[in-house]
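Reading through the structure tokens given below for one structure.
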Amino acid sequence: MKINKKVKNIIGVLLSAIILYFIIVRFCKYWPEISPFLQNANWVYMLVGIIIVSIGIGLIAFIWQIVFKNLYDIKLPFYQCLSIIFLPNLARYIPGKFWFIFGTVFLAKRWKLDVSATIVVSIIAQLFFLLGGIWVGFIASLLGKMEITTLILLPAVLFGILIFFLPSIFYKILNIILNLAGKGKNYTIPNSMTSKTVLLGTLIGIVMWIIIGFGVMISIKSVFPDFSLEYFINITGAYSLSYAVGYFSFITPAGLGIREGAMIYLLPKTILDAQKTFFVLATRVWMMLSEFILLIFIIILLLLKGEFRNLRRNPDE
């Protein structure tokens with residue numbers, strides 16, 4: 001089994017490298033067209049866009065808080081919710097899709113939370129985030145703003161709704177996820193989520209992607225000031241869907257290469273190839289920078305709350 005995991009990780013890294021190689025070759029090809037725009041870029045506007053993206057990402061803490069309150073009748077402070085859902089998720093850049101579970105366990109023990117409940121809610125929050133992105137992509141495809149047919153996305157949207165309204169199906173899927181992560185065990189089975197929680201979780205997921213898309217558009221216009229705002233739906237839909245595709249590419253770290261390839265395909269043909277190539281690489285960098293900003297924000301919150309002493313102590317104390 002360990003050998004198989006190593007082989008899978010090697011294949012994933014190689015696949016990411018191959019896809020990125022061809023994208024970088026495209027980037028080098030179009031560099032003479034891109035370079036003048038970068039030299040005259042408005043870096044302040046770009047930073048504003050990146051900060052807006054980090055705000056959009058941070059809203060996932062509200063999903064975590066709402067779901068945890070609904071399922072276990074416990075309301076945690078916002079900074080704890082943000083830390084639990086965001087910090088472990090940074091490990092997705094390491095080969096192996098479910099590394100975030102181990103970080104979640106670490107934080108749960110130190111805040112004396114039920115580990116299994118924390119894992120369940122973290123996975124549900126991630127699914128709401130992805131479902132919101134699929135909905136945004138679905139709406140964009142309905143409006144004819146992407147190079148993909150609506151019928152392809154409809155099953156994913158319906159399935160996403162189904163697993164939340166039929167908890168028995170969701171828990172079977174969750175068990176499979178935990179087993180794949182090597183953490184299969186009995187966990188606290190909560191009551192089914194209320195319709196209000198499902199609706200709020202989905203709506204927050206959609207709002208997150210709209211805010212992220214708005215931040216990306218500001219960053220794009222900081223480099224290409226004449227780029228039309230009419231492409232907002234195109235960019236947001238393509239980015240949200242390509243993110244979901246990359247997230248579910250279990251063999252590549254953080255969907256590296258897969259996300260970029262999907263985004264190039266989903267962006268409309270009316271956008272110049274040079275701009276497409278720049279967008280797919282820039283959005284990866286902007287997302288990483290926005291996560292770094294959010295990480296600094298979380299560290300400041302933890303310092304202000306004096307929580308680093310709790311994180312350093314032995315979880316069995």
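The values are calculated or read from the model by the stated rules, or taken from the named source; none is laboratory data. Everything quoted here is computed from the prediction, not taken from an experiment. For neighbour counting, all protein chains shown are included, and Cβ atoms are generated from backbone atoms with ideal geometry for every residue, glycine included.
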Note to self: Can you say whether F100 is touching a Pro at 6+ places or on another chain (Cβ under 9 Å), part of a helix (DSSP H, G or I) and modelled with pLDDT under 80, as far as the supplied structure shows?
What the structure shows: yes
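Per-residue answers, yes or no, for (1) acidic (D, E); (2) in contact with a Lys or Arg (Cβ under 6 Å, 6 or more places away or on another chain); (3) under 23 Å from I206 (Cβ atoms); (4) modelled with pLDDT of 80 or more:
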residue	(1), (2), (3), (4)
N70	no, no, yes, yes
L82	no, no, yes, yes
N89	no, no, yes, no
A125	no, no, yes, yes
L131	no, no, yes, yes
V136	no, no, yes, yes
E147	yes, no, yes, no
Check: Applying the selection to the range 187-203, what residues are touching a helix residue (DSSP H, G or I) at 6+ places or on another chain (Cβ under 7 Å), at pLDDT below 85 and of a type outside the set (S, T, Y)?
Finding: I189, P190, N191, M193, V198
Margin query: Of the conditions (1) closer than 14 Å to F128 by Cβ; (2) under 19 Å from the mean Cα position of the chain (by Cα), S83 satisfies every one except a single condition; which number is it?
Written below: (1)
Check: Can you find a residue in the range 200-222 that is in contact with a Lys or Arg (Cβ under 6 Å, 6 or more places away or on another chain) and more than 28 Å from L82 (Cβ to Cβ)?
Finding: no
Next item on the list: Check the range 255-278 and report whether any residue there is of a type in the set (A, V, I, L, M, F, W, C), outside any loop (DSSP other than H, G, I, E, B), farther than 20 Å from F22 by Cβ and at pLDDT below 85.
Entry: no
Notebook entry, point to check: Conditions: (1) among the hydroxyl-bearing types (S, T, Y); (2) more than 28 Å from P36 (Cβ to Cβ); (3) at pLDDT 85 or above. Y239 meets all but one. Number of the miss?
Noted result: (2)
Notebook entry, point to check: Restricting to the range 1-35, what's the tally of residues that are over 16 Å from L281 (Cα atoms) and either modelled with pLDDT of 90 or more or of a type in the set (K, R) (or both)?
Noted result: 4
